[in-house]
Amino acid sequence: MAPLLGFRAFAKINPVLEVLGKRPDGYHELSLLFQTIGLYDTLTFEKEPEGIHLEIPGAPVGLSPGDDNLVFKAAKLFFQKHAPVGGARIHLTKKIPLAAGLGGGSSDAAAALRGLDALFQTKLGPEALQSMAAALGSDVPFFLKGGTALGTGRGEIITPLPPLPEMNLVLVKPQQGLSTPAVYQSGKAQLSAGEYTRKFQSLSPEGPLPALAGNLFNGLEPAALFLMPEVGEIKRRLLEAGAIGALVSGSGPTVFGIARTPAEAEAIAQQMEGGGRMVWVTKTVSAPPFETNPLAP
Ligand code: C5P
């Protein structure tokens, strides 16, 4: 029997996220840096005679396998646009929390496009994949390749960047999630003009880690803090516990802290437990190993 085709969908953090202004189409113009991290969901793909069958065993509350799921939408778009005969069964194992600012849903959607392209051997190429990804969500194009990248436009225009040095991370997520539209529409985002992105990019990747950690910036952080004051408390505690930098990821509410060593990350994580919060120790990943079975045809 052929091995099941499987793909990992990695989460991301944004070391810099700048909101440049509101656009006539209702989106916000952004300048942001994306970085893949070691927390991931797993998707497997099998051919079916027809239809899209999405299974999410032990699905977290708030995630349905129905047609409002971004993986389902990705599969629907793939079949509509590239119409291979038949259908697919997709099995999604969730590890990345929902509504967390870690891009889990967007990464799953990108993995679905990659997985179906491989399953049906459609060999779509970067342009076709990119255009479907952008139609599914602003963050989805980044996840097609992952690593380190600059995002512009509404976040969907991706320029790959040289890898950052590996960073040890502690992620802390409050019990509740935050809705991305609510964060953008709160009126509390701090606008800037690209200077934080330029500053971060001007730092040498070979330079000292504290320089990078000291130049994190997220214009959505005041909005996340306004909607969920616990986020401020988590950031303060991460820094007190020894993180050399800490920032809300994306639209929040997850806060990531940068630690000097894996042991320090573990020690910081231990101090963050409690209050219903979720805590992970992970690292940045510069070349994400997407395929779970590299020998699969
Ligand atoms: O593109 P995506 O569907 O992920 O965006 C979700 C929501 O986040 C949008 O409907 C919008 O309210 C907000 N958003 C924004 N500007 C962006 C990206 C997202 O206002 N650049």
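Taking the alpha carbon gyration tensor of the range 158-197, multiplying each eigenvalue by 5 and rooting it gives semi-axes of 25, 20, 10 Å, largest first. Candidates 120, 58, 215 compared by Cα position along the dipole of the chain: farthest toward the positive end lies 215, with charges placed on Cβ. Return the loop-located GluC sites (Glu not before Pro) in the range 183-240 (DSSP other than H, G, I, E, B) with at most 11 other Cβ atoms within 10 Å of their own Cβ; answer none if there are none. Loop-located and lightly packed - 206.
So if the hydrodynamic radius of the range 200-266 is defined as the Kirkwood radius over C-alpha pairs, what does Stokes-Einstein give as its diffusion coefficient at 4 °C and 1.567 mPa s, in µm² per second? Intermediate results must be reported in sequence, preceding the final value.
Values: Rh = 12.5 Å.
Using the Kirkwood radius from Cα pairs, D works out to 103 µm²/s.
Over all projection directions, the Cα-based convex hull of the range 1-77 averages an area of 8.2 nm².
Assuming 0.36 nm per residue, please report the length gained on full extension of the stretch residue 182 to residue 27 beyond their Cα-Cα distance. Before the final figure, lay out each step's value.
On the way: separation 155, 0.36 × 155 = 55.80 nm, distance 1.24 nm.
That pair, residue 182 and residue 27, stretches by 54.6 nm at full extension.
Using a cutoff of 8 angstrom between alpha carbon atoms and counting only pairs six or more residues apart, the relative contact order for the chain works out to 25 percent. In a DSSP loop and with at most 16 other Cβ atoms within 10 Å, the GluC sites (Glu not before Pro) in the range 1-77 are 50.
Placing +1 on the Cβ of every Lys and Arg and -1 on the Cβ of every Asp and Glu, with no other charges, gives the range 61-143 a dipole of roughly 200 debye about its Cα centre.
Which value, in debye to the nearest 20, gives the size of the charge dipole of the range 166-247 about its Cα centre, when Lys and Arg are +1 and Asp and Glu are -1 at the Cβ? Don't jump to the answer; show the numbers that get you there.
Details: 7 positive and 7 negative charges, 33 e Å.
Magnitude of the dipole: close to 160 debye.
Listed by chain and number, the lysines whose C-alpha is less than 28 Å from the C-alpha of residue 47, apart from same-chain residues fewer than 8 away, are 73, 76, 81, 94, 95, 123, 145. Rg over Rh for the range 107-233 works out to 1.00, both radii taken from alpha-carbon positions and Rh defined as the Kirkwood radius.
Taking square-rooted eigenvalues a ≥ b ≥ c of the alpha carbon gyration tensor, is the range 51-180 rounded, prolate or oblate, where a/c under 1.5 means rounded and, failing that, a/b exceeding b/c means prolate? Taking the square roots of the gyration eigenvalues as a ≥ b ≥ c, the range 51-180 is oblate. The base-10 log of I(q)/I(0) for the range 162-297, evaluated at q = 0.16, 0.19 Å⁻¹, reads -0.89, -1.14 [Debye formula, identical scatterers on Cα atoms, solvent excluded].
In this simple spin-label approximation, residue 278 and residue 135 carry label points 7 Å from Cα along the Cα→Cβ vector, and these lie 3.0 nm apart. A DSSP coil position with no more than 10 other Cβ atoms inside 10 Å describes the following trypsin sites (Lys or Arg not before Pro) in the range 104-178: 123. With viscosity 0.890 mPa s and temperature 25 °C, the Kirkwood radius over alpha carbon pairs of the chain converts through Stokes-Einstein to a diffusion coefficient of 126 µm²/s.
In the range 28-45, which residues have a backbone nitrogen under 16 Å from the label point lying 7 Å from residue 287's Cα in the Cα-to-Cβ direction? From the range 28-45, the list is 36.
With charges set only on the Cβ (+1 for Lys and Arg, -1 for Asp and Glu), what does the dipole of the chain come to about its Cα centre, in debye to the nearest 20?
Numbers: 25 positive and 26 negative charges, 40 e Å.
So the magnitude is around 200 debye.
Could you compute the FRET efficiency for residue 68 and residue 123, with r as their C-beta to C-beta distance and R0 at 22 Å, rounded to 0.05? That gives a FRET efficiency of 0.15. What the Cβ-Cβ distance of residue 175 and residue 4 gives, at R0 = 25 Å and to the nearest 0.05, is a FRET efficiency of 0.15.
Averaged over all directions, how much area does the convex hull of the C-alpha atoms of the range 112-163 cover when projected, in nm²?
Working: hull surface 14.2 nm².
It is 3.5 nm².
None of the figures in this text is laboratory data; all of them are computed from the coordinates on show. Here the structure is a predicted model, which means the values were calculated and not measured. For neighbour counting, all protein chains shown are included, and Cβ atoms are generated from backbone atoms with ideal geometry for every residue, glycine included.
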